[in-house]
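These notes concern the structure reproduced below.
Each reported figure results from applying straightforward, stated rules to the coordinates on display, with no laboratory input. All of these numbers come straight from a predicted model, not from anything done at the bench. A quick note on method: Cβ atoms are made from the backbone with ideal geometry, for glycine too, and the neighbour counts reach across all protein chains shown.
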There are 2 protein chains.
Amino acid sequence: MAIQKPADYGFSHSVPEGDDKPRLVCGDCGWIHYVNPKIVVGSVVHHQGRVLLCRRAIEPRHGFWTLPAGFMEERETSEVGAAREAMEEACARIEIDALLAVYNIPRISQVQLIYRASLVDGQFGVGPESLEARLFAWDEIPWADLAFPTVHWALKHWFETRDAARIVPFGNPPGLDANTL
Amino acid sequence: MAIQKPADYGFSHSVPEGDDKPRLVCGDCGWIHYVNPKIVVGSVVHHQGRVLLCRRAIEPRHGFWTLPAGFMEERETSEVGAAREAMEEACARIEIDALLAVYNIPRISQVQLIYRASLVDGQFGVGPESLEARLFAWDEIPWADLAFPTVHWALKHWFETRDAARIVPFGNPPGLDANTL
C-alpha cells in the first residue's frame, strides 16, 4: 500500500459544516478525508505444539518476526481477513477456532483482532511479504527479534490459554493502555 | 458526518502502482482514497435488570430504538469509544465489564465491538442524536421497533449471559454470515 501524505495533496485541517472535529479537507475540491481507526486481523497459528511466524520482507520492521496479520479489507469478515493474511504471508490454510485478543493501539488508531488458529494440512510456505516462515517450539521463539509489542502479547496470551477449549479474549496487558502506547 | 460521493469529486477506480486491487483515485491530483472497514463501538447498558435504549433522531432508521453505539474515532480505544457514545447519545456514564460480541457486516464493511456495561450512577438523559432514552425491562423491549439486526443480536446475547462473570464473546448468529447480510 502506498504511503500518502495528505499535506502533499493540498489537504489541510478544518471543521466541516455539521461536524464538531477538524478533518482533512482538500483545498481544491472540498473532499473531506475522514480518517477512521484501522482494523488489523491476524492469528496465532499452531501446529503440533509449535507456532508459525513469518520474517518480514517489508517495512516497518523488515527482517523481524511477526504473526500472519494485516489490514482487514473491504467486504470481508474479520475471520476471512485473518485467513487471507495467513495465505498471503505464509501460504498457509488455517482453521480459526477462537478470538484470542482485541488489542487497542490508539496512538496509531489501530484495533487488532487476533484469532487462535491451526494449520489445516501442516503445509505452509513463504509469501511475497515474507523472507521466511517457520514453526517455532515455545522455547525457540525469537523474543528479541519480534516485530511488534502485540506479537509478544499474542504469543504469551496464546500460551496461557493453549489448552483452553474456550477463550475470554485478552485486551492490552495491564498498564499498556491509551497513555503508554 | 457529511455523506460524500467520491464520483462527485472526480474520483474513479484504478489500480495504483504496487497494489493489486482497484482503489478510488482522484483524477486531478492522484490522491488515493483507501476505503477501510469501519469499527462501530457500543454497549448493552444495564441498570437494576433493565436495559438502556435510545430512539434515533437521525437517519438511518429515524424513530427506531438502538443501543448507544457509533463509529469509533481516531486515537481512542474501543472501550473509550463505547463510553463516549453512551455519553453522547444517552448522557450516560457507564462502566464496561466485558466484551459481549464481535459482529461482522461485510456487506457494508463494518465490524461492531459491543460491550456489556452498567450505568455508573443510574443517571441518563437524551443526547442530540436521540429522540428519547429509556430503561426497558426484558419483557418491555420493543422488538418490532429496533433499528438494526445487530441490536436484536446484542440484546439476546446479553440476556443469555447476563449472570455470567466472564463472557466468551459472541459472533454473528449461526447462518448470518458474509453471504446473508
Once phi is turned into θ = phi - 60°, what whole-Hz ³J(HN,Hα) does the Karplus curve with 6.51, -1.76 and 1.60 give for every residue of the stretch A:122-135, x standing for Gly and Pro?
x, 8, 7, x, 10, x, x, 9, 10, 8, 7, 9, 7, 8
Could you tell me how far the Cα centroid of the stretch B:34-48 sits from the Cα centroid of the stretch B:93-112, in Å?
4
Quantify how much of the Cα-Cα distance distribution of the protein assembly as shown extends past 32 Å, in percent.
37
Check: the stretch B:110-159 dipole with +1 on Lys, Arg Cβ and -1 on Asp, Glu Cβ, in debye:
220
For chain A, convex hull of alpha carbons as volume per residue, Å³
150
Dipole magnitude of chain A about its Cα centre, charges +1 at Lys/Arg Cβ and -1 at Asp/Glu Cβ only, in debye to the nearest 20?
300
Show which lysines lie in cross-link reach of A:Lys38 when reach means a straight Cα distance below 26 angstrom and same-chain residues fewer than eight apart are skipped.
A:Lys5, A:Lys21, A:Lys156, B:Lys5, B:Lys21, B:Lys38
Distance in nm between pseudo-label sites at A:Asp97 and B:Arg23 (7 Å out along the Cβ direction from Cα)
3.8
For the protein assembly as shown, size of Cβ-based charge dipole, Lys and Arg +1, Asp and Glu -1, in debye
360
Along the dipole axis of chain B (charges at Cβ: +1 for Lys and Arg, -1 for Asp and Glu; origin at the Cα centre), the most positive-end residue among B:Ile114, B:Cys91, B:Trp153 is B:Trp153
What does the average come to when, for each residue of peptide A:89-102, you count the partner chain Cβ atoms lying within 10 Å of its Cβ?
1
For A:Leu131, distant residues with modelled amide H under 5 Å away:
A:Arg55, A:Arg56, A:Ala57
Per residue of B:68-79, count partner chain C-beta atoms within 10 Å of its C-beta, then hand back the mean as an integer.
5
Phi-derived 3J(HN,Hα) across the stretch B:13-27 with the Karplus relation (6.51, -1.76, 1.60, θ = phi - 60°), rounded Hz, x for Gly and Pro, is 7, 7, 8, x, 4, x, 10, 10, 10, x, 10, 7, 10, 6, x
Could you sort the peptides B:78-85, A:167-174 by per-residue average Cβ neighbour count (10 Å cutoff), highest mean leading?
B:78-85, A:167-174
Under-5 Å amide H pairs with A:Phe11, H placed in peptide plane, nonlocal only
A:Gly27
Across the residues of A:151-164, average count of Cβ atoms on other protein chains within 10 Å?
0
Contour minus Cα-Cα distance for B:Glu132 and B:Arg107 (0.36 nm per residue)
6.0 nm
